[in-house]
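I have placed the structure first, in the form of structure tokens, so that the comments after it can refer back to it.
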Amino acid sequence: MRYRHTDILAKKLLLYDNGLLGEDFKIVPKYYKKITKIESDTYVVEVELKLQNTAENAFPLDINVIYESTFFVSEYHSEDELKDFLNVGAIQIIFPFIRSALNSLTGAALLPPIILPFVDVRTFKEKK
């Protein structure tokens, strides 16, 4: 399979301080993906990270980071190969930008860095 991507776009970078004090917060990130076919060989892959204060898990910040990239795909042998690339490979290309944006957001707010746990990109939920 051959692919190229022309851009990586930050669609949303949001940090909201909930004003909660303390140090014993558990990081429970939620990951989402959205794959949109634009043309026969062109796909837009969107990846989203959410860290939120919820009733089940208090967290001092609400953070939402969304990045997307356009991929041009050719010479693939099967629909399964294409699907695997879009659901795994493409997300692995975009995800380092999300980690970097998270560090930049917290650093710009003079907050300690948030280190995301390792994640299997195959577990990302489909965004509706």
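A short reminder: the numbers here are calculations on the coordinates, not readings from a lab. Just so it is clear, the structure is predicted and the values come from calculations on it, not from any experiment. Backbone-built Cβ (ideal geometry, glycine too); neighbour counts: all protein chains shown.
Note down all Cβ pairs under 7 Å where the first residue falls in the range 70-98 and is in contact (Cβ under 8 Å) with a residue 40 or more places away in the chain, the second is basic (Lys, Arg) and exposed (fewer than 14 other Cβ atoms within 10 Å of the Cβ), and they're at least six residues apart or on different chains. Taking only residues 6 or more apart or on different chains, the pairs are Phe72/Arg4; Ser74/Arg2; Glu75/Arg2; Asn87/Arg122. The residue that is farthest from the chain's Cα centre (by Cα), among those in the range 1-26 that are more than 19 Å from Phe97 (Cα to Cα) and of a type in the set (A, V, I, L, M), is Leu21. Taken over the range 89-128, residues that are surrounded by 11 or more Cβ atoms within 10 Å (Cβ to Cβ), assigned to a helix (DSSP H, G or I) and aliphatic (A, V, I, L, M) amount to 9.
Whether a residue is within 21 Å of Glu126 (Cβ to Cβ) and either surrounded by 11 or more Cβ atoms within 10 Å (Cβ to Cβ) or not hydroxyl-bearing (Ser, Thr, Tyr) (or both) was assessed, and Lys11 passes this test. One residue stands out among those in the range 34-57 that are surrounded by 15 or more Cβ atoms within 10 Å (Cβ to Cβ) and without any contact (Cβ under 8 Å) to a residue 24 or more places away in the chain: the one that is nearest to Ser100 (Cα to Cα), which is Lys50.
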